[in-house]
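Asks: What follows is a single structure, and I will ask about it in a moment.
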Amino acid sequence: QTTRLTVTHLLETTPNPSQAGADVRHGLQQIPKTLPAKYFYDDRGSQLFEQICDLPEYYPTRTETSILHTAAPEIVALTGNSELVELGSGSSRKTRLLLDAYSQSLPDKTASLIYRAIDVSGGILQQSAQRLLQDYPQLQVQGLVGTYEEALDHLPPTEADSRLLLFLGSTLGNLKPQACQQFLERVSQALHPGEYFLLGVDLVKPKPILEAAYNDAQGVTAEFNLNMLAHLNRRFEGNFNLKQFEHWAFFNEKESQIEMHLRSTVPQSATLRQLDLTVDLAAGETIQTEISRKFKPSEIIETLKGVKLETRHTWQDPQNRFAVLLSRR
Ligand code: AVJ
């Protein structure tokens, strides 16, 4: 039997390890202080995120899943024999809907389906890949542990007729407009003409619904937010005292984005020894840990068009909470 799983660690092959944490240093020296959202996702953070996805208040995952349930056979019909590449694969739970549809379209039992999963969290990647192999006998999985940028630069040539690049869950919303534009340019460059991009985005909606989704009653989102400091403590020999911070999330209507912050409840300082960095915080001072932009479909279609990605189909739920767009390079 051939090997059906390979996992490559891009982080460990980063040419310049002295750059590690440069983004943390930069963010903590900004006014106001910020931290990159990707630091949510150590193995513990990815687990907490999975819990968030099941919360009653957190509608995006459930809504996108229901959209994909309907859309999957249509996506297969539109894209044909494609390998799947996913940025931020996590548990790959939603991907299964596509794998189901693609598996059914394979010509015979000897044909194979290729799935390249990219995630910064090696633990969740390994675990999800193993589960997929048990459930999909014709599947070959390549795991790439690394950031989106690293992965887009390391995409191997396609073995199938085409490629479908997945970017689900509205992770695009974590990027400010300029970074978003640059990221999509990179996506477009990574695709050959005729290949596809499937994008899931959360849509603008009334503030109470949005704010409830990021302030759940069980406090899982608060724990997820605070875990970023625990991650930094582990990763960079830090001493952030999690008890002296509180979760703060609100919808900024002007920017059309949820903002998550960690608010210092006392005057304090913390050191990240490995970065040789000490940060001082006043009582009430905040560190922004995430923006989660909420989009209008027309605006996204325009942005995609600007980077040569032509939207072929848009699916939305009946309440227009979330949209899934299929674009072609
Ligand atoms: C995975 C980035 C889309 O912004 O809704 C969930 C992350 N943060 N609850 C989002 C998140 C707080 C999520 N994204």
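Asks: Over the Cα atoms of the chain, what Rg and Dmax result, in angstrom?
Replies: That works out to 20.0, 65 Å for Rg and Dmax.
Asks: What is the dipole size for the stretch 102-248, taken about its Cα centre, with +1 at each Lys and Arg Cβ and -1 at each Asp and Glu Cβ, in debye to the nearest 20?
Replies: 220
Asks: Diagonalise the Cα gyration tensor of the stretch 105-172 and give the resulting equivalent ellipsoid semi-axes, square root of 5 times each eigenvalue, largest first, whole Å.
Replies: Each semi-axis is √(5λ); the values are 22, 16, 11 Å.
Asks: First obtain the Kirkwood hydrodynamic radius of the stretch 117-217 from its Cα pairs, then insert it into the Stokes-Einstein equation at 37 °C and 0.692 mPa s, and state the resulting D in µm² per second as a whole number.
Replies: The estimated diffusion coefficient comes to 205 µm²/s.
Asks: Taking every pair of distinct Cα atoms and averaging 1/r, then inverting, what Kirkwood hydrodynamic radius in Å comes out for the stretch 170-275?
Replies: 16.6 Å is the Kirkwood radius here.
Asks: Which order do His26, His247 fall in if you start with the one that has the fewest other Cβ atoms within 10 Å?
Replies: So the residues, fewest neighbours to most, are His26, His247.
Asks: Now for a separate question. Starting from one equal scatterer on each C-alpha and no solvent at all, send me the Debye-based log10 I(q)/I(0) for the stretch 250-307 at q = 0.16, 0.23 Å⁻¹, two decimals.
Replies: Results for the stretch 250-307 at q = 0.16, 0.23 Å⁻¹ read -0.69, -0.94.
Asks: Still on this structure: What whole-number distance in Å separates the alpha-carbon centres of the stretch 267-327 and the stretch 102-142?
Replies: 28
Asks: Provide Asp216, Asp100 in ascending order of the number of other Cβ atoms located within 10 Å of each residue's Cβ, fewest first.
Replies: Asp100, Asp216
Asks: Could you give the length gained on full extension between Glu74 and Gln51, defined as 0.36 nm per residue of separation minus the Cα-Cα distance, in nm?
Replies: Taking Glu74 through Gln51 to full extension adds about 5.3 nm, to one decimal.
Asks: On to the next question. In nm, to one decimal, how far is the Leu5 label point from the Asp100 one, both placed 7 Å along Cα→Cβ?
Replies: About 2.2 nm separates the two model spin labels.
Asks: Using only the Cα atoms of the stretch 216-269, what semi-axes does the equivalent ellipsoid have when each is the square root of 5 times a gyration tensor eigenvalue? Give whole Å, largest first.
Replies: 23, 13, 12
Asks: OK, next. How do Lys33, Lys94, Lys243 rank when sorted from fewest to most other Cβ atoms within 10 Å of their own Cβ?
Replies: Lys243, Lys33, Lys94
Asks: Placing unit charges on C-beta atoms (Lys and Arg positive, Asp and Glu negative, everything else neutral), compute the dipole magnitude of the chain about its Cα centre in debye, rounded to 20.
Replies: The calculation lands at about 220 debye.
Asks: Taking every pair of Cα atoms in the stretch 51-173, average 1/r, invert it to obtain the Kirkwood radius, and report Rg/Rh to two decimals.
Replies: 0.95
Asks: Mind listing the long-range amide H neighbours of Gly169? Cut-off is under 5 Å, sequence gap 5 or more, other chains count too, H placed in the peptide plane at 1.01 Å from N.
Replies: Gly200
Asks: What do you get for Rg/Rh of the stretch 230-329 when both radii come from the Cα atoms and Rh is the Kirkwood radius?
Replies: Here the Rg-to-Rh quotient is 1.18.
Taken together, the values in this text are just the output of simple stated rules run on the coordinates, not laboratory data. Nothing here was measured: the structure is a model prediction, and the numbers come from that model. Heads up, the Cβs are rebuilt from the backbone with ideal geometry, glycines too, and the neighbour counts pull from every protein chain shown.
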